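These notes concern the structure reproduced below.
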């Protein structure tokens with residue numbers, strides 16, 4: 001672990017530091033420094049065609065790095081930033097953020113709502129590229145300890161900001177069109193909240209919808225398998241499809257756990273109640289990661305209905321991407 005000054009000094013030198021945010025811990029490096037960005041990719045083992053989210057202190061910090069900002073963007077910032085929402089915007093042709101965007105003509109940027117992280121960016125006066133601070137494809141960390149176990153030996157250090165408030169990565173909005181917003185990655189904020197904020201600001205003609213098909217592969221964390229434990233996690237359609245003749249762990253809600261009589265061979269990893277989605281989200285990655293500690297022959301996720309809210313869709317998205325059919 002390291003202190004604030006140590007973290008800032010390391011980042012100034014072009015090193016990589018794990019930083020707390022309100023969503024998950026990010027693996028941070030100065031986004032305009034090629035060597036720092038390369039260290040992020042190397043530490044994570046991340047494919048070089050998978051772009052990085054860039055973090056800024058405020059809207060004025062973002063504006064010099066992007067172009068063609070849509071007219072409704074200020075309304076979104078007023079409603080959701082700082083906070084768990086990221087915005088995909090066009091880049092100028094000659095952009096100093098090119099190292100972080102994996103050859104794309106856009107950047108995904110956000111203003112995190114975490115005092116330590118914001119203070120780091122404020123003192124550096126540089127955007128910070130920061131994907132989740134985990135080995136690529138594995139479970140995103142929501143505590144400093146999770147980062148230390150996974151990446152502590154590969155990075156300069158971890159700035160401990162305590163447990164993350166949300167526990168799931170930010171909602172990513174494609175804001176490259178003036179009359180349409182596409183949700184490229186679900187998170188804590190969804191269409192209902194976005195439409196309400198736009199309507200209040202006088203932008204009732206802007207449509208909001210979730211991405212479909214190949215749209216989902218254009219943003220950080222959406223192209224490859226992600227959020228997975230080391231133990232292969234198999235997805236099954238119901239509690240009755242979990243076998244009772246093998247040693248296994250099962251990821252399941254309280255409601256689904258109560259729907260069956262379970263044999264002693266099954267270790268329950270109860271995600272929480274479907275009636276308390278914020279609590280499920282905060283602990284989700286720690287529950288997924290705990291599957292590696294049970295030393296069972298198999299692990300299962302019971303596919304279930306988490307509801308149509310933005311947070312329910314985000315929980316289902318992360319669980320489905322962490323598991324295999």
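Computed values, structure above
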item	result
Single unsatisfied condition, residue 307 versus (1) in a helix (DSSP H, G or I); (2) surrounded by fewer than 21 Cβ atoms within 10 Å (Cβ to Cβ)	(1)
Residue under evaluation residue 42, criteria (1) surrounded by fewer than 16 Cβ atoms within 10 Å (Cβ to Cβ); (2) within 19 Å of residue 176 (Cα to Cα); (3) modelled with pLDDT of 95 or more, criterion not met	(2)
Selected residue (only one of 21, 96 is assigned to a loop (DSSP other than H, G, I, E, B) and either surrounded by fewer than 20 Cβ atoms within 10 Å (Cβ to Cβ) or at positive phi (or both))	96
Of all residues in the range 163-179 being crowded, with 24+ Cβ neighbours inside 10 Å and in contact with a strand residue (DSSP E or B) (Cβ under 6 Å, 6 or more places away or on another chain), the one that is farthest from residue 139 (Cα to Cα)	175
2 or more residues in contact with a strand residue (DSSP E or B) (Cβ under 9 Å, 6 or more places away or on another chain), at pLDDT 95 or above and over 21 Å from residue 304 (Cα atoms): qualifying strands (runs of 3 or more DSSP E) within the range 207-261	207-210
Selected residue (criterion: surrounded by the most Cβ atoms within 10 Å (Cβ to Cβ)) from residues of the range 276-296 that are in a loop (DSSP other than H, G, I, E, B) and in contact with a strand residue (DSSP E or B) (Cβ under 6 Å, 6 or more places away or on another chain)	296
Qualifying residue in the range 105-125 (condition: surrounded by fewer than 18 Cβ atoms within 10 Å (Cβ to Cβ) and over 24 Å from residue 13 (Cβ atoms))	yes
Extreme residue, modelled with the highest pLDDT, among residues of the range 310-325 that are touching a strand residue (DSSP E or B) at 6+ places or on another chain (Cβ under 6 Å) and assigned to a helix (DSSP H, G or I)	319
Pair list, Cβ under 8 Å, 6 or more apart: the range 166-193 residue on the phi > 0 side of the Ramachandran plot, other residue crowded, with 24+ Cβ neighbours inside 10 Å	167/23; 167/24; 167/142; 167/281; 167/284; 167/285
Some residue of the range 65-87 being touching a helix residue (DSSP H, G or I) at 6+ places or on another chain (Cβ under 8 Å), in a strand (DSSP E or B) and either surrounded by 23 or more Cβ atoms within 10 Å (Cβ to Cβ) or in contact (Cβ under 8 Å) with a residue 24 or more places away in the chain (or both)	yes
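Conditions tested, residue by residue: (1) within 15 Å of the chain's Cα centre (by Cα); (2) part of a loop (DSSP other than H, G, I, E, B).
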position: 149; (1), (2): no, no
position: 153; (1), (2): no, yes
position: 163; (1), (2): yes, yes
position: 181; (1), (2): no, no
position: 187; (1), (2): yes, yes
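The values are calculated or read from the model by the stated rules, or taken from the named source; none is laboratory data. Treat the numbers as computed from the prediction; the structure is a model and nothing was measured. A quick note on method: Cβ atoms are made from the backbone with ideal geometry, for glycine too, and the neighbour counts reach across all protein chains shown.
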